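Working notes, structure below.
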């Protein structure tokens, strides 16, 4: 990384914020500001403009509440990147060691174990038991890599996602390989937490893995992996696709045909790192709308206006600094009012936050959260 970019990331500067006109659209659209009154994006920008040096980063515990959903940056009429400035503020705190204990534990786990969950790498391929998923080192001629992601690889509930994706790829005759125990975290979340140092190490390791084989396409489970590979891995030559893009193509090519019905009312929750950050809105919806007898109902707040679930930007590991209702709870209540049976999404973090909300609200008998690939699996042979 060029020296000036390092300086930009670890030093709070005023120039990028000069165009700010304090209109308040950033705070007005921020899902965290709705539920956390101390979190004011406009005020953060004001402080950057009016506070000397890097002290603006300190004594602001609420900085860790940001989910980096991107709404503020998308809505700024002057092209300011408030989300990026919050990440810069976090990088100052990381450099100074002024981080909450849980964040420190996550960063240490990534440094030592190369995943944020504190799990040993030998457990990373447990999800693939009985699937005949081949390690790419054993099939060096294969040009498609399936990058699983730490969260669905280790979490027992979420292991249904890589299993489902693998079955679809195998059914469609797509030859692919996995990195197995050599796969390491993509780094999307730790970069958004401000740890640019560990992110660099992860990117180097992943690039080493990617260039070791003739990989031309990388299919990912997670929007977070998709986002960082697309935007932060500037030297990556392989095409990166989220699995919903691949499944949508297979349906259009009639290489994937559904033979079973799914007779439920379903709504779709847009993951921020798939939708707001990368404008992938239609593919997951087309998949659902192609499933026999599925009744699709749209959330009022959808696509660019989708309400963040709070899973991104490290929020998976951060307890709120203020007592407030989680946005995932609001999302689940909205779905209940719509009368749907299932909230579908296409992100492992969204699955965890929304399922937690369903349990917290005691709605397990009324509402189910499923990944799109799980619904696909139920409609296949």
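Every number here is computed from the coordinates shown, using simple stated rules; none is lab data. Keep in mind it's a predicted model, so treat the numbers as computed, not measured. Don't worry about glycine lacking a Cβ; one is built from the backbone with ideal geometry, like all the others, and counts go over all protein chains shown.
Numbers for the structure displayed
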| item | result |
| --- | --- |
| Surface/4 of the Cα convex hull for the chain, nm² | 18.4 |
| Tail beyond 12 Å, pair distance distribution of segment 115-160 (Cα, percent) | 64 |
| In degrees, nearest ten, helix 348-360 long axis to first principal axis of the chain (Cα) | 90 |
| Calculated [θ] (222 nm, deg cm²/dmol) that DSSP helices of n ≥ 4 give over the chain, each run adding -39,500 (n - 2.57) | -12000 deg cm²/dmol |
| With Cα atoms, 0 to 90° folded angle of helix 82-96 axis to the chain main axis | 80 |
| Shape category assigned to segment 308-381 from the gyration tensor of Cα positions, a/c cut at 1.5 | oblate |
| Evaluated over segment 33-85, the Cα radius of gyration and Dmax, each in Å | 11.1, 30 |
| Anisotropy class of segment 130-224 from Cα gyration tensor, a/c 1.5 cut | oblate |
| Neighbour-count ranking [beta-carbon atoms within 10 angstrom, fewest first] of 380, 83 | 380, 83 |
| Kirkwood-based Rg to Rh ratio, segment 45-137, C-alpha trace | 1.15 |
| Helix 160-171 axis, angle to the chain major axis (alpha carbon atoms, nearest 10°) | 50 |
| Overall form of segment 258-379 per C-alpha gyration tensor (a/c, 1.5; a/b vs b/c) | prolate |
